[in-house]
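In what follows, a single structure is set out as structure tokens and then discussed.
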Amino acid sequence: MTVAIDRATGKRRGDRAPRPGPVSRLKHAYQKHWYAYAMIVPVVVVLGTIVLYPLAYGFYLTLTDANSLNSARTIGVNEIEATYKFIGLDNYADILWGETAYDRFWSHFIWTIVWTAACVVLHYTIGLGLALLLNQKLRGRTLYRLILILPWAVPTFVTVFGWRFMLADSGIINSGLGSLGLPTPPWLEDPFWQRFAAIMVNTWCGVPFMMISLLGGLQSIDGALYEAAEMDGANAWQRFRHVTLPGLRSVSSTVVLLGVIWTFNQFAIIFLLFGNTAPDAQILVTWSYYLGFGQQPRDFAQSAAYGMLLLAILIVFTSFYRRWLNRNEQQLAI
């Protein structure tokens, strides 16, 4: 076998050039795509300032015993330096396995899971039912859509304060129940009814988004599929099961994931509905706020540790959820 050699360079023809180093590749990429890098720099700076830095600083606080008594602060003209110290993972150990772990974390964690599951199921089922109705040819359909989307368009604090007035002992709901001779629950005082009221209010606020999203998915399904199924003798339930639900699979997977994340971190409704007066109705995110800002001394380290645990729970759930969806899609494709 003969090998051709370039006399000028002394290299064999056909040999690959040596792979450039990372610095050279980075320099070449910058020279080629400098305009793209210049465009994304502002986004990176903003995200780093409002997301990455607070996240990193919050994680650092979880490794300390920082609270409102040993943090740096200014009183009048006196500046007091921080005296908190590094304690490692003690905050996480205390939250998860400490003597008061059940009362401070696990009871709120269980209620948060129940709250999230109940709200998302109600959001999806009611939203899907309303979307199916609005997808029909009805007189005044546009007006119905406008009315049903109003709870989502109205600011959350207005909606929640309205529900607070209605759920009060002398509110319109208990007055109506009393006039019918029915029991009048203590919506804002009893732990069970507080939780029931929280789910009811969140369902009212969250259904319109689910309805609009699913309605868009319904309108994207080819009508020929329904005609073919009807010609094959499929009844309404069979068309819903074998045409509508598969056609909504991609939309449903997305809105359910968003619904879980939003509901799991739904701070506004619980806080505006009860404030700090309903400890049994507090979910993890509102309990974290209470530890950091609703008590004295304010426990910044424990509050930040709750935030890190919330982030970890959602990351784990999202990873398993996406993996489960991918596995189902692969099975359907076979």
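The values are calculated or read from the model by the stated rules, or taken from the named source; none is laboratory data. Keep in mind that this is a model prediction, so the values were computed, not measured. As a convention, Cβ positions derive from the backbone with ideal geometry for all residues, glycine included, and neighbour counts pool all protein chains shown. When the accessible area is computed, the model is the full protein with side chains, heavy atoms only, and any ligands, DNA or RNA have been set aside. Shrake-Rupley method; radii C 1.70, N 1.55, O 1.52, S 1.80 Å.
If you go through the stretch 277-323 and keep only what is hydroxyl-bearing (Ser, Thr, Tyr), modelled with pLDDT of 90 or more and open to solvent by 50 Å² or more (accessible area, probe 1.4 Å), you end up with TYR289, TYR290, SER319.
Assess whether VAL121 counts as being part of a helix (DSSP H, G or I), open to solvent by less than 50 Å² (accessible area, probe 1.4 Å) and under 30 Å from PHE317 (Cβ atoms). No. Can you tell me which residue is nearest to ARG298 (Cα to Cα) among those in the stretch 69-97 that are touching a residue at least 60 places away in the same chain (Cβ under 8 Å) and among the hydroxyl-bearing types (Ser, Thr, Tyr)? Here the answer is SER71.
So which residues in the stretch 44-61 are β-branched (Val, Ile, Thr) and within 22 Å of the chain's Cα centre (by Cα), if there are any at all? Hits for the stretch 44-61 are VAL46, THR49, ILE50, VAL51.
Would you mind stating whether SER252 is open to solvent by 30 Å² or more (accessible area, probe 1.4 Å) and either under 23 Å from the mean Cα position of the chain (by Cα) or more than 24 Å from VAL121 (Cα to Cα) (or both)? Against the criterion (open to solvent by 30 Å² or more (accessible area, probe 1.4 Å) and either under 23 Å from the mean Cα position of the chain (by Cα) or more than 24 Å from VAL121 (Cα to Cα) (or both)), SER252 does not qualify. Selection of the stretch 193-252 for residues being touching a residue at least 40 places away in the same chain (Cβ under 8 Å), more than 17 Å from LEU134 (Cα to Cα) and aromatic (Phe, Trp, Tyr) yields only TRP204. The condition of being open to solvent by 10 Å² or more (accessible area, probe 1.4 Å), in contact (Cβ under 8 Å) with a residue 40 or more places away in the chain, within 24 Å of PHE86 (Cβ to Cβ) and assigned to a helix (DSSP H, G or I) does not hold for ALA268. Selection of the stretch 98-118 for residues being touching a helix residue (DSSP H, G or I) at 6+ places or on another chain (Cβ under 9 Å) and outside any helix (DSSP H, G or I) yields GLY98, THR100.
Rundown of residues vs (1) at pLDDT 90 or above; (2) at positive phi; (3) open to solvent by less than 50 Å² (accessible area, probe 1.4 Å), yes/no style:
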{"site": "ALA56", "(1), (2), (3)": "yes, no, no"}
{"site": "SER71", "(1), (2), (3)": "no, no, yes"}
{"site": "THR74", "(1), (2), (3)": "no, no, no"}
{"site": "ILE80", "(1), (2), (3)": "no, no, no"}
{"site": "THR83", "(1), (2), (3)": "no, no, no"}
{"site": "ALA93", "(1), (2), (3)": "yes, no, yes"}
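Contact annotation: residue pairs with Cβ atoms under 7 Å, 6 or more positions apart or on different chains, pairing a residue in the stretch 142-168 that is under 11 Å from LEU273 (Cβ atoms) with a partner that is not hydrophobic (A, V, I, L, M, F, W, C), are THR159/PRO151.
Checking the condition within 17 Å of GLN282 (Cβ to Cβ), open to solvent by 40 Å² or more (accessible area, probe 1.4 Å) and of a type in the set (D, E, K, R), which residue from ASP169, ASP103 passes?
Only one candidate qualifies: ASP103.
State yes or no: is TRP193 touching a Pro at 6+ places or on another chain (Cβ under 7 Å) and assigned to a helix (DSSP H, G or I)? For TRP193, the condition - touching a Pro at 6+ places or on another chain (Cβ under 7 Å) and assigned to a helix (DSSP H, G or I) - is met. Reported count of residues in the stretch 276-320, each being in contact with a strand residue (DSSP E or B) (Cβ under 7 Å, 6 or more places away or on another chain) and either free of Cβ contacts under 8 Å to residues at least 12 places away in the same chain or more than 19 Å from LEU63 (Cβ to Cβ) (or both), is 0.
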